[in-house]
Amino acid sequence: MFSKRVQILHARSGELITSLGDLQPKSTIYDVKKAFAKEKRKYYPDRQGFKTDPRGKMVKDGDTLESLGLKNGSRLYFKDLGPQVGWTTVFLTEYAGPLVIYLIFYLRPSIVYGEDAAELPYANVVHIAAGCWSFHYAKRLLETVFVHRFSHATMPIANIFKNSVYYWGFAAFVAYFVNHPLYTPPAYGDLQVYGGLAAFVIAELGNLSVHIALRNLRPPGTKERKIPRSTSNPFTWLFGLVSCPNYSYEATAWLAFTVMTQCLPAGLFMLAGFYQMAVWAQGKHRNYLKEFKEYPRRRAAIVPFVL
Amino acid sequence: MATATVKASSAGGDGRRKANPNMGENNAVKAYLVAYNVSQMLGWLVLMIKIIHHMAAEQDVETLYAQVEPILKIFQTAAVMEMVHSAIGLVKSNPVLTGFQVFSRVFLLWGVVWSVPEVQTTGYILCFLVAWTITEIIRYSFYFFSLLGQVPYFLKWCRYTFFIILYPIGVTGEVMTIYLALPHVLESDMYSVSLPNTANISFSYYYYLCFIIFSYLPVFPQLYGHMLAQRKKIISSPQRPKKE
């Protein structure tokens, strides 16, 4: 096996950065990244992006040089993905905030609303809302640690600030109004509160079921991709109608929370979340369709039959 | 900021480009856009003439707004069409950016000046009116010529030079107008909702306006800097082929 030399050029300027020797046809892009990181210490592998065409898509870590048609003297184009942060780090940060923030409003209202607020009693629904909110984010934190298997190890560092502003900001926005001394309980009383609560619980169980089904789809330590399908758990049967039932359930949970609390800020939070999840769902749906020829055509992305 | 942002939308790409190549050949679309840009150009020209005439004859800033109000309302509000043009692909510009810019202007006009009559007699009105008027006349002429295929260098020069003084003047006028409106907004409680209510939400228009004023701080330097950078690229080489 003769050693190959690959030239590394800047994707944007076309300038030659370096050339890496000591590679085999079966060397992977990840091997290239390790070699590159040895020479340019600043660029750890997660921060490197490579393309075979400067304007094309990035190649995957697992691709071998020969599968990409790279021979001796071939070129790879380098893109700096910027400082990276781990997905787990991001998720824990963005989810811990809402938990803490909401609980501050709920447990220490005098900090926010003034001395007198501490004496005032909460309506029943306010306690239930705090329970639901806390459950949702505690569940997310636990899922991050125990359930999710991430495709990418890292994301650009700017995301952690952007995402945290979104989650933490909305947490304060919703918490402020639900826990306010002048909060008005729902117009339809217990029917609305407990109906909303029931829907919320079902939606949360649905979301969890789908997350677990997705986890089991992927063998540990791999980045394998398969078509997600219904399992014996009835909550996963929504896969029959949509590509991303986890997002469907999540949107439903926040809708239920909004109805339960009759709080417009919660409704705005739900709409913002739904919009983002719809965008993600359509992206994933399109990817599934492209990747798997036998992908069920009946499925919608996030809203059955509609979207 | 509204003055500044309006320029920035077209600064991103030199002139307007048709989003859909087929639309570019479409003469009906072109004719419509020419008509739109010419109408706007004429409207703002008339506005400028009115301003000059009033200030020369009456020399009274306090009565200026009343004179120009109808024309200003018509032509500035009509700019929402630019959001539509961008959204449906008639014109190649970023719909979000265009939306932001148009909203910014229309908000100042209707949300502040029309809503708080007390600010209609301040001198700051003149500041932003002058800035807006000159900017728009140049901008719409620029688009008109772009549609025809060739923009005179002089016009391009105006577009990328006048902003240097117009931006600060316009922004000063806008910010001060909002600032002067604040006490009246606070007192009248307009457009605001307070607790308790069945939707469990509150909104203070007063704090919203304060937020708007503060947002000029980060946004203005960015836009100004962007325009300066654009100017360097475009003015330095007058023979550079125009990128459509």
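A compact table of results
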{"item": "Calculated [θ] (222 nm, deg cm²/dmol) that DSSP helices of n ≥ 4 give over the protein assembly as shown, each run adding -39,500 (n - 2.57)", "result": "-20000 deg cm²/dmol"}
{"item": "Within the stretch A:271-304, backbone nitrogen closer than 19 Å to the virtual label 7 Å beyond the Cα of A:I202 toward Cβ", "result": "A:302-304"}
{"item": "Among A:P219, A:P83, A:P109, residue whose mean-square fluctuation peaks in a GNM of chain A (springs only between Cα atoms under 10 Å)", "result": "A:P219"}
{"item": "Relative exposure of B:D189, A:D46, judged by other C-beta atoms within 10 Å (fewest first)", "result": "B:D189, A:D46"}
{"item": "For the stretch A:61-79 and the stretch A:18-39, distance of Cα centres in Å", "result": "9"}
{"item": "A:Y106, A:Y122 arranged by Cβ crowding within 10 Å, fewest neighbours leading", "result": "A:Y122, A:Y106"}
{"item": "The stretch B:3-236 - percent relative contact order, Cα under 8 Å, separation 6 or more", "result": "27"}
{"item": "Other-chain or far-sequence residues with amide H under 5 Å of A:I17's (modelled H)", "result": "A:I8, A:L9, A:H10"}
{"item": "Extension gain (nm, one decimal) between A:N287 and A:Y188, 0.36 nm per residue minus Cα-Cα", "result": "31.3 nm"}
{"item": "Within the stretch A:203-221: backbone nitrogen closer than 12 Å to the A:L241 label point (7 Å, Cα to C-beta)", "result": "none"}
{"item": "Theoretical FRET efficiency, 1/(1+(r/R0)^6), r = Cβ-Cβ of A:E119 and A:A158, R0 45 Å, to 0.05", "result": "0.55"}
{"item": "Label-to-label distance, nm, for residues given as A:S230 and B:L195 (7 Å Cα→Cβ offset)", "result": "4.5"}
{"item": "Compactness of chain A, expressed as Rg and Dmax over alpha-carbon positions, Å", "result": "24.1, 80"}
{"item": "Taking chain A and dividing mean pair separation by its residue count, relative contact order in percent (alpha carbons under 8 Å, at least six apart)", "result": "14"}
{"item": "Counting DSSP beta bridges with both ends in the protein assembly as shown, the antiparallel % (nearest 5)", "result": "75"}
{"item": "Ratio of Rg to Rh over the stretch B:3-236 (Cα coordinates, Kirkwood Rh, two decimals)", "result": "0.99"}
{"item": "Share of Cα-Cα pairs in the protein assembly as shown lying beyond 38 Å, as whole percent", "result": "51"}
{"item": "Virtual spin-label span in nm between B:K232 and B:I49, 7 Å along Cα→Cβ", "result": "4.1"}
{"item": "Nitroxide proxy distance, nm - points 7 Å out along Cα→Cβ at B:A66 and B:S115", "result": "2.4"}
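All of the numbers you see were taken from the coordinates with simple rules; none came from a lab. The structure displayed is predicted, hence computed values, not measured ones. Cβ coordinates were reconstructed from backbone atoms using ideal geometry, including for glycine residues, and neighbour counts include every protein chain displayed.
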